Every structure is written in C-alpha cells, then in structure tokens.
1. Tell me yes or no: at least one residue of segment 299-316 is loosely packed, with under 14 Cβ neighbours inside 10 Å, modelled with pLDDT under 85 and either in a helix (DSSP H, G or I) or among the acidic types (Asp, Glu) (or both).
2. Restricting to segment 253-272, name every residue that is surrounded by fewer than 19 Cβ atoms within 10 Å (Cβ to Cβ) and either assigned to a strand (DSSP E or B) or without any contact (Cβ under 8 Å) to a residue 24 or more places away in the chain (or both).
3. Quick one: is Ala125 in a helix (DSSP H, G or I), open to solvent by less than 30 Å² (accessible area, probe 1.4 Å) and closer than 20 Å to Gly248 by Cβ?
4. Find the strands (runs of 3 or more DSSP E) located wholly in segment 172-211 whose residues include 1 or more that are open to solvent by less than 40 Å² (accessible area, probe 1.4 Å) and modelled with pLDDT of 75 or more, and list them.
5. Quick check: anything in segment 67-84 at pLDDT 85 or above, out of contact with any Ser or Thr (no Cβ under 7 Å at 6 or more places or on another chain) and more than 30 Å from Asn339 (Cβ to Cβ)?
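The values are calculated or read from the model by the stated rules, or taken from the named source; none is laboratory data. If you're wondering where the values come from, they're calculated on a predicted model, not measured in any experiment. Reconstructed Cβ throughout: ideal geometry from the backbone, glycine too, with neighbour counts over all protein chains shown. Heavy atoms of the whole protein, side chains included, go into the accessibility calculation; ligands, DNA and RNA do not. Shrake-Rupley method; radii C 1.70, N 1.55, O 1.52, S 1.80 Å.
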Amino acid sequence: LNLSHPSAVMAIHFWSCDDRFGGPKMGDINTALPSQGKDEIRESRNYLPKTDRRGEQRLCLCIRSVPRMGLLVSLSGGAEACKYQKLIDPNDNYEGQSSSSREYMKRSVDKLLRSINNPFQLSAADALLASTVICAHNRCTAVFNALKRQQQQQQKQLQKLDNLKKGNTVGASSSPTIPDWIHLYVECGTVVIMVQITYDHGNDTRNSNNLADDDTNTQSRPMHNQHHSRQQSKPFVAFRLACDSRTGNFVTIFPPAATLLRSLASGSTEASELLQLRMQTISSNSKARGALAKEMTPRLIKESFDGLSRSMNILGRKCGVGGEWEDLDSDVRCESLRNRAIDNACWDVWNSLMTCTCAASVYGISALALGVAGGVDAVVDMAGGIILTFI
C-alpha cells in the first residue's frame, strides 16, 4: 500500500512560520497506519505538487484520500500531537506541562479525527479549529523549550566562571543574565509566567527593656526567629501569554484580581489620576496630550507588554510548532542556522520578560498586598512624573 500517492488531497494553510531553512515536518495523526509507506518520498512536505507554492511560510493541515484506507489527516508537527492519543500515563514525563494540558491536547486530537473520519460529524471548520488548538499548544511548548534551553546554557556558563574564579570574563558578560526567579511552564495553549519573590529579613531591633525577657525565651524560640535570613515564597502567576488560535500570535492575559496592572497594560488613562488632571488643564491639542501621555506610567507599561508580544511572536514563528524539521539541505548548516536565529530571538524575549515581570510584581502582587494589608488602593504617578531609572 502506497500512502505517498493518494487519490485526492485537500490542504488548508494557516498561520505564518519561518521556513527559510526548512519547514516543520508533516506528521500523520492516525491511530493505526501500516508500517510500509511511512518513509516513502513524496512530492512535497504537504503532499501537494512542488509547483504549488501557496503553502510557503505557512503551517498546513492536509486531508488526503488513500484507497483502502479512507481519509488520513496530516498536520505540521503532527508527530508531537500523536503522543497525546495514547492513554495518559501519570509516569510519563512531559517537561513543563501539567496533566490538564495532556488531557486538553488529547481532546483536541480526538476532535480533529472525529471531524474527518466520523460521517455524522464531518466538518472542515471543526477540523481547522482543532488543528489550530493543537498547533497553539505545540508552539507554546516549542517556545518554552527554547527559552529553558537557553537558560540552562547560561547556568552552565556561570558555573564554569565560578569554577575558574579568575581570568578574563568580558566576553561572557556581554549577554544579559537570565534571572532564576522567573519560572515558566505550559498549560492548555498558554505560557504561564511565574515570579518568585524573596523577602529579606534584616536584623531585629528590639527594645532594651525586653532584653532580659528575650534571653529567657531564647531556647523556646524556633531557629528562624533567632537568625533572620532570606525567605523565599512560592512562585505566583504574574501573567500568561496565550497563543491566539486565529493568528498564532501571543496575547497577554492577566489575573482577574490584577485590575491595576490590566488597566496600565491597556494604556487606559483611568489608571493614572494625575494624568487625567493634567489632560484637563491642557488644551484639546492632540500633540500636547500625546506628549504628556508618553511620559506617564500607563504608556510605559503598555509599550513594555506590547514589546513582549512582538518578541514572542517572532520567536514563535522561528520555533514553528516544535518537533522535527524538513531541512532544505541535508547539510548540518540548516539546523545550526535555525538554532542561532532561535537563540537571538530568545534573548529579546528574556529582556522583555525581565521588564514585564518586574512591572507585574510592582503593579500586580504589590498592589494587591497593599490593599490587603492597609485597606487602600494603589495609585500610580503620585510622585509627579516618571522614574527615569525604571526604563
């Protein structure tokens, strides 16, 4: 049985992908396929003639009819989606993914197969929607793996520098240091950004009248009260980067309780009372108002998160949907050039992440903590203007 020569082929192209060095490899999403024919050479990576170039720089959903087999479904990065068809084993190791993500992907793969093979649920729209959901999760996983790989590489370099103790370290310090208090993981088509805050407990200044009483109760105190040190809290979710199933771009999602951060990220003038007062004193000249809004916190936070979305979109297009690639040449240069482009995009993402996570910590968790501890609402721009060192 020859699977490389189907009787009919329908291909649906969606999203954009960087295929300068080769596109993502097409994979069959079917539970049972004969062993022969899987490795046969086909005309192109999406089963279409080579003269058809409409699928360049795009992901592809391919549905083909094979005699005595029926309808077969292929998808860009389909090999990564096939592992979710089996029964979920809690012992399986999917780094950076939760059990809910595996169940989420398994439902999407089953929905894609039902919309093609079930005669009572035939729907090209449902098949395309399920395909975009699968590719969204695979793209988030590919971005996560690229960022973690670069973080691990830098940790190894820092360990080597610590072991050397001496020597010229100018070349190693040219790249920014990736902080270890930023944690990432993938959940249901989103990249979750978590921040771990460290509380620095200084020396305890006690009253001299209570020294005797303190000395008598020293033995009964726990050790963490006698020696004040750094205390690390559990990481909290600062925000999420969701992959849009329509465009494949990343969109920032904030927790429901972070109303101040959400208002600042949207660039709303209602988040800054000082900005509203100054705009009322300025004439209706749009240039003057635009110059004033540019120097306030809402504009800075909005530009920071917009820059993060742009850098994530670039990284997502370079990473594709993960898995194997079909290189243009059999030479190793395609893989090395692709990895170099991905690493350069990762640095831009890390730089934006460090800025946005700091802003999310100040205007997100700190604003909530201030309301819980003091019963007051946090207000921005009360100092009269921007803080230049924050930029």
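1. No, segment 299-316 has no match at all.
2. The answer is Ile253, Pro256, Thr259, Glu270.
3. On the way: in a helix (DSSP H, G or I): yes; open to solvent by less than 30 Å² (accessible area, probe 1.4 Å): no; closer than 20 Å to Gly248 by Cβ: yes.
Against the criterion (in a helix (DSSP H, G or I), open to solvent by less than 30 Å² (accessible area, probe 1.4 Å) and closer than 20 Å to Gly248 by Cβ), Ala125 does not qualify.
4. Passing ranges, in order: 182-187, 190-195.
5. Within segment 67-84 (the criterion being at pLDDT 85 or above, out of contact with any Ser or Thr (no Cβ under 7 Å at 6 or more places or on another chain) and more than 30 Å from Asn339 (Cβ to Cβ)), the answer is yes, since at least one residue qualifies.
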